[in-house]
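Contents: one structure, followed by commentary.
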C-alpha cells in the first residue's frame, strides 16, 4: 500500500475523484452481476423442480433414476449458488473512525483503498458463483437428455 503526503494527494485531487467515481461504478456493476446470478440461480432451481415433478410420473427405470438424481443435483446447485453469496461491504463504523482522523484528501485516498479491497474480494466470489451456476445448467441439460432417452423407451413415459 503506497503512502502519499498531503501535498501529493492535493495535486492528484481530480484523479482521486475520478478513481472514486469509477470504483463506485465498478461496485454497482458487480452488485448488478451478483443479482443477475441470483435470478438465474432461482430460474435453475424452479426449472429443475418443474422437470423433477414431470419426471416422477414416468415408469421406473435406470434412466429415470439418472434423470431424477441429476435434477436433484441441479436443484441443489441452484440453492447453493444463492446461499453462497458473500457480499463484502465497507465496514462503516471502522471506515468512519479511520476517515475522521485524516485530512479530506487522505480520507478520500483511504476510502478508495477500502473500495478497491471490497471490489477485489467480491470478484472471486462472483466468478465462483457464476461457474457453479453454469455447472448447474449443464447438469439440468443432462437430466433433460436422460428424460428424453427415457421417452424413447417403449412404456417409459405413461401416455
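Descriptive notes on the structure:
- Selection from region 102-129 of residues that are surrounded by 16 or more Cβ atoms within 10 Å (Cβ to Cβ) and over 19 Å from residue 17 (Cα atoms): 122, 125, 126, 129
- Here residue 102 fulfils each of the conditions (1) closer than 27 Å to residue 33 by Cα; (2) not in a helix (DSSP H, G or I) apart from (1).
- Residues in region 31-60 that are buried (at least 16 other Cβ atoms within 10 Å of the Cβ) and farther than 27 Å from residue 123 by Cβ: 47, 48, 51, 52, 55, 58.
- Only one entry of 146, 67 meets the criterion of being more than 30 Å from residue 35 (Cα to Cα) and at pLDDT 90 or above, and that entry is 146.
- Restricting 111, 97 to residues that are closer than 30 Å to residue 14 by Cα, assigned to a helix (DSSP H, G or I) and in contact (Cβ under 8 Å) with a residue 40 or more places away in the chain narrows the list to 111.
- One residue from 75, 50 being closer than 30 Å to residue 150 by Cα, in a helix (DSSP H, G or I) and either out of contact with any helix residue (DSSP H, G or I) (no Cβ under 9 Å at 6 or more places or on another chain) or at pLDDT below 85 (or both): 50
- Looking across 3, 21, 25, one residue alone is at pLDDT 95 or above and either farther than 16 Å from residue 118 by Cβ or not in a loop (DSSP other than H, G, I, E, B) (or both). It is 25.
- The residue list 99, 16 contains one member that is modelled with pLDDT under 80, farther than 30 Å from residue 130 by Cα and surrounded by 15 or more Cβ atoms within 10 Å (Cβ to Cβ), which is 99.
The values are calculated or read from the model by the stated rules, or taken from the named source; none is laboratory data. All values derive from a computational prediction rather than experimental measurement. Methodologically, a virtual Cβ is constructed for each residue, glycine included, from the backbone with ideal geometry; neighbour enumeration extends over all protein chains shown.
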